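Below: one structure, written as structure tokens.
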């Protein structure tokens, strides 16, 4: 009766003994974290005019000034500045009881940038808002050590699985033997915090905290028991 109750407990925990109790399969989870050492954000420049060419020229002038400043003042390289979308949108007014009337063209130029020096993040945001950017969003922090963090998280997940297996085997008056099989699960990272700045001048650079970057890993391990 005692063994039967123990097996029921294993099922509730998502753990299993297999092959007439000659092995045990457990799941382990691990999380590794570190301080971020790089950031990224997306900004948009929107211009409007009756004529498409004029709207494009105005947009190009603003964007050229911005990208030049990012390179010169904040040491961003060409590979760190990428156009993610460029849209020409006709705009209309809708008078009552009349057909829509064309009011002009709107240009939306969206650029994604990577920032290697985190000390520049707040200053860059202030620079962008002062330079004609209409929106800043999708600010996110990451680490260049992501692969190392994955390995660390994987090791912690295995240790977690081993600890569970030992505890359960002890309850069943058994001992853990060799590893029969290891299955690697998916990795996950927290979603970036949504941050959005409208186009308006700031009296001071905003305070942006990167927090920490974490990566979680999961494994499923089957051990011999004896």
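Here, each number is a calculation from the coordinates, and none is a lab measurement. Note that the structure is predicted; figures quoted are calculated from it, not measured. Here the Cβ positions follow ideal geometry from the backbone for every residue, glycine too, while neighbour counts run over all protein chains shown.
For a footprinting-style exposure proxy, rank 63, 53 by other Cβ within 10 Å, fewest first.
By the 10 Å Cβ count, ascending: 53, 63.
So for the pair residue 212, residue 35, with labels modelled 7 Å out along Cα→Cβ, what separation do we get in nm?
1.2
Arrange the following residues from fewest to most other Cβ atoms within 10 Å of their Cβ: 187, 74.
Values: 187 14, 74 18.
Neighbour counts put them in this order, fewest first: 187, 74.
Got a sec? How would 113, 124 order by Cβ neighbour count within 10 Å, fewest to most? Mind showing how you got there, number by number?
On the way: 113 20, 124 23.
Arranged by neighbour count, lowest to highest, 113, 124 become 113, 124.
Residues of the range 80-99 with the amide nitrogen closer than 16 Å to a label point 7 Å from the Cα of residue 50, along Cα-to-Cβ, please.
91-93
So between residue 103 and residue 82, what do we pick up on full extension, going 0.36 nm a residue minus the alpha carbon distance? Display every interim value, and only then the final one.
On the way: separation 21, 0.36 × 21 = 7.56 nm, distance 3.03 nm.
Stretched out fully, the residue 103 to residue 82 stretch lengthens by 4.5 nm.
Restricting things to alpha carbons, tell me how big the range 38-142 is in terms of Rg and Dmax, in Å.
Calculated on Cα positions, Rg and Dmax stand at 16.2, 56 Å.
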